[in-house]
Structure formats: structure tokens, C-alpha cells
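The values are calculated or read from the model by the stated rules, or taken from the named source; none is laboratory data. None of the values given here were measured: they were computed from a predicted structure. Cβ: placed from backbone, ideal geometry, glycine included. Neighbour counts: every protein chain shown.
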Ligand SMILES: [Zn+2]
């Protein structure tokens, strides 16, 4: 009877141990399963972040390529800096040595480069059709004439008590130093209103200047020394000095608010790129 009882107890213990082992096994298996699942999830998430990063980099690269492409396409004009219309003459760029101008008379007493005579006549004629009275007050100047004008301006400053050096510097903002003035090229004219012939900033308020500033580009002329470009042109605001640059160039310069120096710099960047490609 006791033996039977003893066997019963042993069986119960055995069964309990089995149950405990089974629970433990299930527990361990669950942990192992969880671990494997978690590991997979981590790997998947790492992979996703790598993919996202790759995508991000690719998108950035694509955007940069598009931007580069856009910049490249920005040269939407055929002009080059060696075109005669774009001859740059300023304090740093003198009239080329031996530069020859073939002149043509306009408005009886003036002369300009014969290549700009027709568009100039057309512009003045169209302005007159609008009831305006434009008047050319300066056109082609010889180097000697430029020298005379410059000397007079220097003298004027000296009379006001400036030293020679100061007078020359100040005069150069009003009258180009001989050899650095556009009038010597025959490509520039000063136009005023017959009703107001003083060369000062008030010239911009005349109907003639308002019309010219709005329309001169259609004939290939650009206002050469705008008030907001003094730092670049190194010449004071001259709302009467028009320079022939050709219709396409004048249109581009007006649309993009560029003075001649800026426009030439803009064209140069493409030429430098082309040069680098050739080299
Ligand atoms: Zn001028």
C-alpha cells in the first residue's frame, strides 16, 4: 500500500518536472523566436535607412545635375565677347591701339561708326514720330578732343582748390580719361532733350529720356552708365549716354538689368568653360 503511495508521489513529481521542462522549453523557444524576429526587423530597418540614404544622395545628385544643366543652358544668346558691338572700353580697357573707325555723318554735325548710323537715325526718327525732340549733343570724339575735355574738367576741379591728383581722379568720373572713353570708338552718343540740354541727373525726367530708356534696346542701344551700376562702370550716372551693342545684346542686358561690364563677364564664363574643354 505504501509502495503504491510512494510510486504515486514519484509519478506526480515526474509529471511536474516534465511540465516545468516543457514550460521552460516553450519559454526558451519563445525568447529564441523573439530574438530572431527582432534581429530580422533590425536588419530590415537598417537596410531601409541605407536605401533612404542612397535615395537621398541620388536625389541630391540629380538635383545638382539639373541645376548644372540649367546653368549651362543659361547662355541663351549667341554673342561672344569678340563681337565688334561688344568692344569694352573703360578705365581698365583702353581703346585698342590703332583702332580705326569708319565714320558716317548723322544729324548734319555729328559722326558715328557707320555701322550704327542707320539704327541711330531710325531711333531718333521714331522718337520724333512720338512728338519728342531728341538732340545729339555728343558723338564721335578724337583722342585729342577727349584730352581737351578731360583737361578742362581737371582745371575746373583745381579752381575749386583740389590738388592735381584729386582733380584728375574726380574729373575721371565725369569725363573719361583719354583712351578710355567710348566716344573715341564712334559707338556711343549723348542724346538730350531739346527742351532741357543740361547734362545732369534731371535729364532722366525728360520725356525724351523716358522714351529712350524704355525703347532704345529695340534699336540696339543701351544706357551705358546707369545709376545703380556706378561701382562697376566707375562712371557717374549719365542718363544721356547711349552705347550701341546690337539689338540682341541690348535686349538681354535690359531684361537682366546688366551693364556692359556685367554682360561681358557673363559671356566670358562660357568662353572660359569652352576654352577649358578644348585644353
Ligand atoms: Zn557720353
Checklist entry - Residue check: is residue 118 surrounded by 18 or more Cβ atoms within 10 Å (Cβ to Cβ), modelled with pLDDT of 95 or more and on the phi < 0 side of the Ramachandran plot? => result no
Item to check | Breaking point among (1) more than 13 Å from the ligand (Cβ to nearest atom); (2) touching a residue at least 12 places away in the same chain (Cβ under 8 Å), for residue 187 | outcome: (1)
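Here is a yes/no grid of residues against (1) within 15 Å of the ligand (Cβ to nearest atom); (2) free of Cβ contacts under 8 Å to residues at least 24 places away in the same chain:
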| position | (1), (2) |
| --- | --- |
| 202 | no, yes |
| 206 | no, yes |
| 211 | no, no |
| 231 | no, yes |
| 240 | yes, no |
| 248 | no, no |
Item to check | Candidates 244, 219, filtered to the one that is within 16 Å of the ligand (Cβ to nearest atom) and either closer than 19 Å to residue 86 by Cα or without any contact (Cβ under 8 Å) to a residue 12 or more places away in the chain (or both) | outcome: 244
Checklist entry - So which residues in the stretch 137-190 are assigned to a helix (DSSP H, G or I) and over 36 Å from the mean Cα position of the chain (by Cα)? => result 144, 148, 151, 152, 155, 156, 157, 158, 159, 164
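Here is a list: 271, 261. Which entry is assigned by TED's automatic domain parsing to the domain that holds residue 110, touching a residue at least 60 places away in the same chain (Cβ under 8 Å), more than 12 Å from the ligand (Cβ to nearest atom) and in contact with a helix residue (DSSP H, G or I) (Cβ under 6 Å, 6 or more places away or on another chain)?
Going through 271, 261 in turn, the sole match is 261.
Does at least one position in the stretch 192-200 carry a residue that is assigned to a strand (DSSP E or B), free of Cβ contacts under 8 Å to residues at least 60 places away in the same chain and away from the ligand (no atom under 13 Å from the Cβ)? Lay out the reasoning, then the answer.
Within the stretch 192-200, the first condition is being assigned to a strand (DSSP E or B), and the residues that meet it are 192-193, 196.
Going one step further and asking which of them are free of Cβ contacts under 8 Å to residues at least 60 places away in the same chain, we end up with 192, 196.
From the residues that got through so far, the ones that are away from the ligand (no atom under 13 Å from the Cβ) too are 196.
Within the stretch 192-200 (the criterion being assigned to a strand (DSSP E or B), free of Cβ contacts under 8 Å to residues at least 60 places away in the same chain and away from the ligand (no atom under 13 Å from the Cβ)), the answer is yes, since at least one residue qualifies.
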Checklist outcome for this item: Of the candidates 142, 108, the one satisfying the condition of being more than 16 Å from the ligand (Cβ to nearest atom) and out of contact with any strand residue (DSSP E or B) (no Cβ under 8 Å at 6 or more places or on another chain) is 108
Next on the checklist: Could you tell me how many of the residues in the stretch 103-120 are within 16 Å of residue 183 (Cβ to Cβ) and over 33 Å from the mean Cα position of the chain (by Cα)?
Outcome noted: 8
Item to check | Number of the condition not met by residue 174 [criteria: (1) away from the ligand (no atom under 14 Å from the Cβ); (2) closer than 27 Å to residue 253 by Cα; (3) touching a residue at least 60 places away in the same chain (Cβ under 8 Å)] | outcome: (1)
Checklist outcome for this item: Restricting attention to the stretch 46-100, the residues that are touching a strand residue (DSSP E or B) at 6+ places or on another chain (Cβ under 7 Å) and either in a loop (DSSP other than H, G, I, E, B) or at pLDDT below 90 (or both) number exactly 0
